Amino acid sequence: MEKENGKAVHCVVLAYPAQGHINPMIQFSKRLQHEGVKVTLVTTLFYGKSLENFPPSMSFETISDGFDNGRHGEGLKLSVYNEVFAQRGSQTLSEVVEKCAISGYPVDCIIYDSFMPWALDVAKKFGIVGACYLTQNMPVNSVYYHVHIGKLRAPLTEDEILIPMLPKLQHRDMPSFFLSYQEDPAFLEMLVEQFSNIHEADWVLCNAFYEMEKEVIDWTTKIWPKFRTIGPSIPSMFLDKGLKDDEEYGVTQFKSEECMDWLDKKAKGSVLYVSFGSLVPLEEEQIREVAYGLRDSGRNFLWVVRASEEAKLPKDFAKNSEKGLVVTWCSQLKVLSHEAVGCFVTHCGWNSTLEALSLGVPVIAVPQWSDQATNAKYLVDVWKVGIRPVVDEKKIMRKEALEDCIKELMESDKGREIRINALKLKNLAIEAVSEGGSSNKNIIEFVNALKGY
Ligand SMILES: O=c1ccn([C@@H]2O[C@H](COP(=O)(O)OP(=O)(O)O[C@H]3O[C@H](CO)[C@@H](O)[C@H](O)[C@H]3O)[C@@H](O)[C@H]2O)c(=O)[nH]1
């Protein structure tokens, strides 16, 4: 598969330095490679050093965020980091593009994570295509976009937030940066900044699929005509099985611990899988409530508690028992696709959300930070594949609230309906990336345009 001039199309894929961002970018890259595109994956030097199991089929380059030995010093403000990153990142990304040209593989397109909008200027400077990749979900992006166009403000003054094509949102459904805006506006500003130049991007790609949120996607395509959904960006073996040997994302920041033998011994649908993702630390009090809630539910559970969080576990809590196993990291997709798993207690990070939808696993939604509350709203009220426990005035989910949700999901009629809905979503996700499906067609359209067809 070649361009009109006979050469393979070459895309630089610029991933933001975080597990939840590099995973989907690598997965999308594999789909591009499947369509005959040459991919060079790029991330920051410091983050790159922490990654293992890099896919051998891709070239790998690094840029500088200005902190090649890490972001030491608690005092470093996000706004300062972003400013330095934009400046050093633009410079070193330009060097990568130049290096590729010198080595005989000129770059045709930069696909950049929307968290780094300055990368579009680099693409423009070289006269190549700039494609923005939105790692988060479209309703969340739409919320931030409405701040960008001045239709929504922080701090929130209204009780209910009305945004076209989205359900009514309460404060608890909004991205957390609205609620923390007064203490620290930098996060919301960074997320809104994603949309500062988006109308100039040649393409806007989003890690979602059309059938999951048609209304908001149709609305978005009207304002950005080159907006396309290309997800779920998760390994093909867990979806359409169209890509050979594609069983893992490819890079890992943390080492997985063995848990498959333990799962193999458990009855079908009997295990609660619990994970709060790769980033957010939980309050010790919250970890204690989860621990006792799981233990007292009487159910089997497999819980990922990252090494940095382990000291917060209650001293009397058994990490490896007949009913429960705690690991520091696991292959989440293998776990979610295991028939023993009956429910996912999740923080609702966007990748975990898409993985749950794609594998048909119902959820107990326990959002903590960033986009997670809006994802939880969709999981519970729009896709109807989960339940959200109440939290108290300290925003802690008490053990009783968790136990009630577990009981409801595993035993009630509502739980059975939720399971049926989860399977419907799973089938839609598989169809979207299969031949002729909405995301598959969009990927082919994108690649053909790069090839000049
Ligand atoms: O034991 C584990 C736990 C997680 N994962 C993987 O790690 C990724 C986690 O991604 P995500 O669910 O998105 O959570 P975070 O890592 O917390 O992601 C951050 O980035 C996402 C994209 O911006 C946001 O949606 C989240 O809110 C934000 O916390 C997923 O692919 C999981 O499969 C594993 O492989 N093993």
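The table below lists the values:
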item	result
Residue within segment 385-399 that is touching a strand residue (DSSP E or B) at 6+ places or on another chain (Cβ under 7 Å) and away from the ligand (no atom under 16 Å from the Cβ) present	yes
Index of the failed condition, GLN170 passing every other in (1) farther than 16 Å from ASN375 by Cβ; (2) assigned by the TED database to the domain that holds ILE443	(1)
Scope segment 375-405; condition buried (at least 22 other Cβ atoms within 10 Å of the Cβ), part of a helix (DSSP H, G or I) and of a type in the set (A, V, I, L, M); matching residues	ALA376, LEU379, LEU402
Selection count, segment 309-329, where residues are open to solvent by 10 Å² or more (accessible area, probe 1.4 Å) and either within 13 Å of the ligand (Cβ to nearest atom) or of a type in the set (D, E, K, R) (or both)	12
Number of the exception - SER370 against (1) in a loop (DSSP other than H, G, I, E, B); (2) near the ligand (Cβ under 7 Å from one of its atoms); (3) touching a strand residue (DSSP E or B) at 6+ places or on another chain (Cβ under 6 Å)	(3)
All helices (runs of 4 or more DSSP H) inside segment 1-102 with 2 or more residues being within 16 Å of the ligand (Cβ to nearest atom) and touching a residue at least 12 places away in the same chain (Cβ under 8 Å)	19-34, 78-102
Segment 273-286, residues that are buried (at least 17 other Cβ atoms within 10 Å of the Cβ) and either under 18 Å from the mean Cα position of the chain (by Cα) or within 14 Å of the ligand (Cβ to nearest atom) (or both)	TYR273, VAL274, SER275, PHE276, GLY277, SER278, LEU282
Filtered residue count, segment 157-179, keeping only those that are free of Cβ contacts under 8 Å to residues at least 40 places away in the same chain, surrounded by 16 or more Cβ atoms within 10 Å (Cβ to Cβ) and within 23 Å of LYS394 (Cβ to Cβ)	2
Residue that is surrounded by the fewest Cβ atoms within 10 Å (Cβ to Cβ), among those in segment 94-144 that are hydrophobic (A, V, I, L, M, F, W, C) and more than 30 Å from GLY349 (Cα to Cα)	ILE102
Qualifying residues in segment 337-353 (those that are more than 7 Å from the ligand (Cβ to nearest atom) and open to solvent by 10 Å² or more (accessible area, probe 1.4 Å)) - the one farthest from ALA18 (Cα to Cα)	GLU339
Helices (runs of 4 or more DSSP H) (entirely within segment 189-300) containing at least 3 residues that are assigned by the TED database to the domain that holds PRO314	260-264, 284-297
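The values are calculated or read from the model by the stated rules, or taken from the named source; none is laboratory data. Note that the structure is a prediction, hence the values are computed from the model and not measured. With ideal geometry, Cβ positions are generated from the backbone for all residues, glycine too; neighbour counts draw on all protein chains shown. Surface areas here come from the heavy atoms of the whole protein model, side chains and all, with no ligands, DNA or RNA. Shrake-Rupley method; radii C 1.70, N 1.55, O 1.52, S 1.80 Å.
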